[in-house]
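Data block below; observations after.
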Amino acid sequence: MAPTLAAVSFNDSSDITDFVLNKGNGVKGLSDMGLESLPKQYIQPLEERMCGTKIMSHESIPIIDMSKWDDPKVAGAICEAAEKWGFFQIINHGVPIEVLENVKEATHQFFRLPAEEKRKYLKEFSPSNNVRFGTSFSPEAEKALEWKDYLSLFYDSEDEASAMWPAVCKDQVLEYMKRSEIVIRKLLDVLMKNLNVTEIDETKESLLMGSKRTNLNYYPICPNPELTVGVGRHSDVSTLTFLLQDDIGGLYVRGINDSWIHVPPVSGSIVINVGDALQIMSNGRYKSIEHRVIANGNNNRISVPIFINPRPSDKISPFPELLASGEKAVYKEVLYSDYVKHFFRKAHDGKKTIDLAKI
């Protein structure tokens, strides 16, 4: 039987912070105790809660069948979705279902590890800057914490990953990334051709997919889920995000007129979304859309996004091919590492990060 909150005896909020952030328990540790009420650090301001928000239950993002890659209708659907929605789901994409199921199970296996094992991957103890276990988003910058734990794995090389990533999940994550790369390249090829970028040379490949990061996200059962969030409103800083979610649900994307649209789990599907880097490089043609995750009072939820990014040292700006015909640049050149640092030094705040690149 899990210990109760009283049994652990937190005297004040700093004890909870220490338990969650420093001792490696994460919010999963709080959830496993069977809390009856949400600790005050996690209570979000009213404007950030989902209750009272307009949800468009009759709307949904596109679901695209990728079984016929060469069909011009498929390419058209991908580009239209990236321009209008910024989000779409793909089915029959070619990544084996077994690979997807294995990485989901490996995610559960990592979060089942004892706190002292997970603690080894906290920022101050991790054997590599490329491996980080954490909770919430940027706790030092947030007024209210988010109800989520994560393991972040930045891919440097197969050798580094094999040596440094946690043994319980590294093989499954590497296989998931390897199998996904073919799909990602095809998607980017289609999206680039629509911008008259006919050749993805070495420079453009670096800009589009020069670095990769995979997160294992864990959203444990939450008391008073209506008072907090799993992830606050934000857009990704990636080129593309390639997201595997389980069958629980809870991901919402921004619709029109301040509404939100649920992204329902579809068996075997992958959710694709445009990130800020691609919005900038496409000069606003492709939309990086705000999204959020609600907390859940009944079920644990996991997701496994792969963030496809420029390299930190790359400078991103609208592609010259777009400006050649006289189209005016909407964004200035920014160093990608500066952009990412700006994103992580503040709490989630919707679409404000991209203001850094606006002319």
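The values are calculated or read from the model by the stated rules, or taken from the named source; none is laboratory data. As the structure is a computational prediction, the values presented were derived from the model and not from experiment. Virtual Cβ from ideal backbone geometry, glycine too; neighbours counted across all protein chains shown. Just so you know, the surface numbers come from the protein's heavy atoms only, side chains and all, with ligands and any DNA or RNA stripped out. Shrake-Rupley method; radii C 1.70, N 1.55, O 1.52, S 1.80 Å.
What number, in percent, do you get for the relative contact order of the chain if the mean sequence gap of Cα pairs under 8 Å and at least 6 apart is divided by its residue count? Walk me through the numbers on the way to the answer.
Details: 714 pairs, mean separation 75.7, N = 359.
Normalised by residue count, the contact order of the chain is 21 percent.
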- What dipole magnitude, in Debye to the nearest 20, does the chain give about its Cα centre under +1 on Lys/Arg Cβ and -1 on Asp/Glu Cβ? 580 debye
- Please list the non-local residues whose amide H lies under 5 Å from the amide H of Gly275, H modeled 1.01 Å from N, same-chain partners needing a gap of 5 or more. Leu240, Thr241
- Query: What is the set of long-range amide H partners of Ser259 at a cut-off below 5 Å, with H atoms built 1.01 Å from backbone N?
  - Reply: none
- Item | Proximal lysines to Lys328, defined as alpha-carbon separation beneath 22 angstrom and excluding residues fewer than eight positions away on the same chain | Lys84, Lys193, Lys204, Lys287, Lys315, Lys351, Lys352, Lys358
- Query: Once the whole set of protein chains is in place, how much accessible area is left on Ser152, using a 1.4 Å probe, in Å² to the nearest 10?
  - Reply: 10 Å²
- Within the under-11-Å Cβ sphere about Pro318, not counting Pro318, Lys/Arg +1 and Asp/Glu -1 give a net charge of 0
- Helical contribution to [θ] at 222 nm, DSSP H n ≥ 4, -39,500 (n - 2.57), averaged over the chain, rounded to 500: -8500 deg cm²/dmol
- Whole number please: convex hull volume per residue of the Cα set in the range 161-289, in Å³? 147 Å³
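From Cα pairs below 8 angstrom and at least 6 apart in sequence, can you work out the relative contact order of the range 50-121, rounded to a whole percent? Kindly include the intermediate steps, with their values, before the conclusion.
Values: 41 pairs, mean separation 20.2, N = 72.
Relative contact order here is 28 percent.
Multiply the residue separation of Glu101 and Ala324 by 0.36 nm, subtract the distance between their alpha-carbon atoms, and state the gained length in nm to one decimal.
On the way: separation 223, 0.36 × 223 = 80.28 nm, distance 4.52 nm.
So the chain would gain 75.8 nm between Glu101 and Ala324.
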- Task: Averaged over every viewing direction, what's the projected area of the C-alpha convex hull for the range 17-132? Give it in nm², one decimal, please.
- Result: 11.9 nm²
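Per residue, what accessible area does the chain have, given a 1.4 Å probe and all protein chains present, in Å²? It would help to have the intermediate numbers written out before the result.
Numbers: 16220 Å² over 359 residues.
On a per-residue basis, 45 Å².
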- Item | In degrees, nearest ten, helix 97-112 long axis to first principal axis of the chain (Cα) | 30 degrees
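How much length would be gained if the chain were fully extended between Asn257 and Leu356, taking 0.36 nm per residue of separation minus their Cα-Cα distance, in nm to one decimal?
Working: separation 99, 0.36 × 99 = 35.64 nm, distance 2.43 nm.
In short, 33.2 nm is gained.
Leaving ligands, DNA and RNA out of it, rank Glu199, Glu83 by accessible area with a 1.4 Å probe, largest first.
Final ranking, largest accessible area leading: Glu199, Glu83.
Got the relative contact order for the range 241-359 handy, in percent, Cα pairs under 8 Å and 6 or more residues apart? Before the final figure, lay out each step's value.
Details: 177 pairs, mean separation 30.4, N = 119.
After rounding, I find 26 percent.
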- Note down the accessible area of Val74, probe 1.4 Å, to the nearest 10 Å². 20 Å²
- Message: If you restrict to DSSP beta bridges whose two residues both lie in the chain, what percentage is antiparallel, to the nearest 5?
- Response: 90 percent
- Once you put a point 7 Å from the Cα of Arg185 and another 7 Å from the Cα of Asp156, both along the Cβ direction, what distance in nm separates them? 2.5 nm
- Task: Would you mind computing, in nm to one decimal, how far apart the modelled labels at Lys68 and Lys193 are, each placed 7 Å from Cα along Cα→Cβ?
- Result: 1.5 nm
